[in-house]
Amino acid sequence: MKIQTGLFKSDVNRLLTALNHQEPDRLPHIELWVTSQAVYEYVLERELDYSIGDAAEGGQSITPQDDVEFAQRLGQDAVLCNFNWRPNNVFHLATDGTRHYVDGTIKTVANLDNLDPPSAIDDQLRHLERYLESAQGTGVGIIANLTSFFDSAMLAIGMTDALYMFYDNRPLIEKLMDILLDHQENVMRAVCERFGDDIALVMVNDDIGINSGLMIHPRMFLELFPGRMKRLIAPAKDAGKLVLMHTDGKLDNILPILYDVGIDINHPVEPESNDIIEVKRQWEGRMALIGNVHTPLLAYGSQEEIEAVVRKYCKELAPGGGYVLGSSTSIMEGIPPQNFVTMIEAVHKYGCYDHLGQMLDR
Amino acid sequence: MNQPALEPIYEAILIGDMGGTVENVQAAIDAGIAPESILKEGMIPAMSEVGRLFEEGECFVPEMLISARAMQGGLGILRPYLVDAGVEPLGTVAIGTVEGDMHDIGKNLVMMMLEGAGFEVIDLGVDVKPQAFIDAVQFNGAQIVAMSALLTTTMNKMEVTINAMKEAGIIDDVKVMVGGAPVTADYAEAIGADGFANDASKAATLAKSFME
């Protein structure tokens, strides 16, 4: 597998130009999470001598060197370096052998004494250094991606129990959010103080929405979220970095809150609950968007169908910048590697800003 | 509401007050109000209102959960009286998260709203093989099969299950509804489901429409 990236090599400035609502040479594309070993091996054209999983769920990440090579081969402009702290999650294996989050173990204040500790900040920063070294001279930028406090607290408690806990024991959920925030704020500060000039941008990963909108009542959400999120991203804003936030869900009532907090970019604009063309029209110049290519299309669609959707996005979403193409969640095991590559090749074919939506004449 | 004694039950469920619901259901029983009236004039309308508020964006998942919990508390008191009085459920639904998928929040929310609408619900749990859905129809009288999937890579098991129901010769005896994060109305139609709902409240409304 070789994608023809000759004309459009990885270039972090392409990504940043689009995220700053301007037009670069071609529509950028990025996958924030690839958890499919098959896709990595297909693109890298070799077997990995280790097994990868979802880093946010405790799995082994791809190595920095392999991740950067993956991006280069695709003409992708940046990769993530993860700073995860998702304590006390419980996973079970399904009958097909796949691993799934099922619960958390923090049910009482006393359980907080048994919170799984985070990785040492120095170790995490060394990991970032390895990413930066691997990316040097490649054009690939590094995005520092931090887990946050809202969904991490809910996952540590157990999602259903956490939803009850907003009424039954709100002090516990708030205390847990603050413990998570205190640590991740320190990580953010360390990253931005030591590597602020080296990283492309900062990302926070926090699912606050579902397909009907906010997960909890706006009145309660506004008491819990904005102040804490402002604290978390303050070091990045002080360092002049763009801040990207991942959250699932219907964005109508979510984006105004994120914008007020200081978020610059949203991922992944799930198509099940959002019309991305309308979202982009409403937020033109204020909130950049990443994603929205429906993963069921990538998993079950034909290559012609995938190419047609990408072509449409190049024509309708790319003009003016502010959009970066990517999947609606992540590239997971089960998505045929060739379908993923078809999506990328279609961006290269139809995403040139000189003639968006028209085939690039090589 | 014809009977003022049912108003406190309605209000208690609406605000998610389980203790209040239990207390007022017991009081209504003690006052000689028919169990069917307590259920159909006090409790089900309260959950229906919760669903309406959810769909209009005035109540959210935590409020829906605590109301459903209050409803469950009240049903715990009322159920033996309903059985004694021969009150039949609105219908029977077998619900589960499809094979390979262990996510249960969406499935549990739908289950609660279905119970709140007066259905008997057979909870098949998570990671449910097609045969378990078929068994629920053949041996437990399920009139509706409700399938949930959170993952792109497991949603295809909905189609696998529907095809298994066709092969088992039961597809015409049952209505199939599907939902979950990556599922769309178009997908539901493409795989031959009878209906799709993108939230728990709409799922209850859809199930009720199947019984009309």
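The values are calculated or read from the model by the stated rules, or taken from the named source; none is laboratory data. Not measured: the values here are computed from a predicted model. Reconstructed Cβ throughout: ideal geometry from the backbone, glycine too, with neighbour counts over all protein chains shown.
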Which pairs turn up if I take residues in segment A:254-267 that are without any contact (Cβ under 8 Å) to a residue 40 or more places away in the chain and look for partners that are exposed (fewer than 15 other Cβ atoms within 10 Å of the Cβ) and among the charged types (D, E, K, R) with beta carbon separation below 6 Å, at least 6 apart in sequence or on another chain? A:V261/A:K230
Looking at segment A:281-305, which of its residues are away from every other protein chain (no Cβ under 14 Å) and buried (at least 21 other Cβ atoms within 10 Å of the Cβ)? A:M287, A:A288, A:L289, A:I290
Has segment A:266-287 got any residue that is closer than 20 Å to A:A78 by Cα, outside any loop (DSSP other than H, G, I, E, B) and hydrophobic (A, V, I, L, M, F, W, C)? no
A:N186 versus (1) within 14 Å of another protein chain (Cβ to nearest Cβ); (2) surrounded by fewer than 19 Cβ atoms within 10 Å (Cβ to Cβ): which is the lone unmet condition? (1)
Within segment A:233-255, residues surrounded by fewer than 22 Cβ atoms within 10 Å (Cβ to Cβ) and either of a type in the set (S, T, Y) or within 14 Å of chain B (Cβ to nearest Cβ) (or both) come out as A:K250, A:D252, A:N253
Across segment B:98-129, what is the number of residues that are in contact with an Asp or Glu (Cβ under 7 Å, 6 or more places away or on another chain) and either at the interface with another protein chain (Cβ under 9 Å from one of its Cβ atoms) or farther than 27 Å from B:M43 by Cβ (or both)? 8
Identify, please: which residue in segment A:195-215 is part of a loop (DSSP other than H, G, I, E, B) and not hydrophobic (A, V, I, L, M, F, W, C) and is, among those, farthest from the other protein chains (Cβ to nearest Cβ)? A:D197
Restricting attention to segment A:45-79, report how many residues are at pLDDT 95 or above, more than 18 Å from the chain's Cα centre (by Cα) and acidic (D, E). 4
Within segment A:167-176, does at least one residue satisfy the condition of being in a loop (DSSP other than H, G, I, E, B), more than 11 Å from chain B (Cβ to nearest Cβ), more than 30 Å from A:L15 (Cα to Cα) and more than 17 Å from the chain's Cα centre (by Cα)? yes
Qualifying residues in segment A:262-280 (those that are in contact with a Lys or Arg (Cβ under 7 Å, 6 or more places away or on another chain) and buried (at least 18 other Cβ atoms within 10 Å of the Cβ)) - the one nearest to the other protein chains (Cβ to nearest Cβ): A:S273
Residues of segment B:186-201 classified as part of a loop (DSSP other than H, G, I, E, B), closer than 12 Å to A:N211 by Cβ and either at the interface with another protein chain (Cβ under 10 Å from one of its Cβ atoms) or acidic (D, E) (or both), total: 2
Report whether or not A:D161 is within 14 Å of chain B (Cβ to nearest Cβ), at pLDDT 95 or above and either assigned to a loop (DSSP other than H, G, I, E, B) or touching a helix residue (DSSP H, G or I) at 6+ places or on another chain (Cβ under 7 Å) (or both). no
So which strands (runs of 3 or more DSSP E) are wholly in segment A:76-141 and hold at least 2 residues that are more than 14 Å from every other protein chain (Cβ to nearest Cβ), touching a residue at least 60 places away in the same chain (Cβ under 8 Å) and surrounded by 21 or more Cβ atoms within 10 Å (Cβ to Cβ)? A:78-83
Tell me, which residue of segment B:158-186 that is free of Cβ contacts under 8 Å to residues at least 40 places away in the same chain, within 29 Å of B:P62 (Cβ to Cβ) and crowded, with 21+ Cβ neighbours inside 10 Å is farthest from the chain's Cα centre (by Cα)? B:P182
Take B:E88 and decide whether it is more than 14 Å from chain A (Cβ to nearest Cβ), outside any loop (DSSP other than H, G, I, E, B) and within 20 Å of B:V145 (Cβ to Cβ). no
Taking segment A:216-238 and keeping residues among the aliphatic types (A, V, I, L, M) and either in a strand (DSSP E or B) or farther than 21 Å from A:I290 by Cβ (or both) leaves A:I216, A:M220, A:L222, A:L224, A:A234
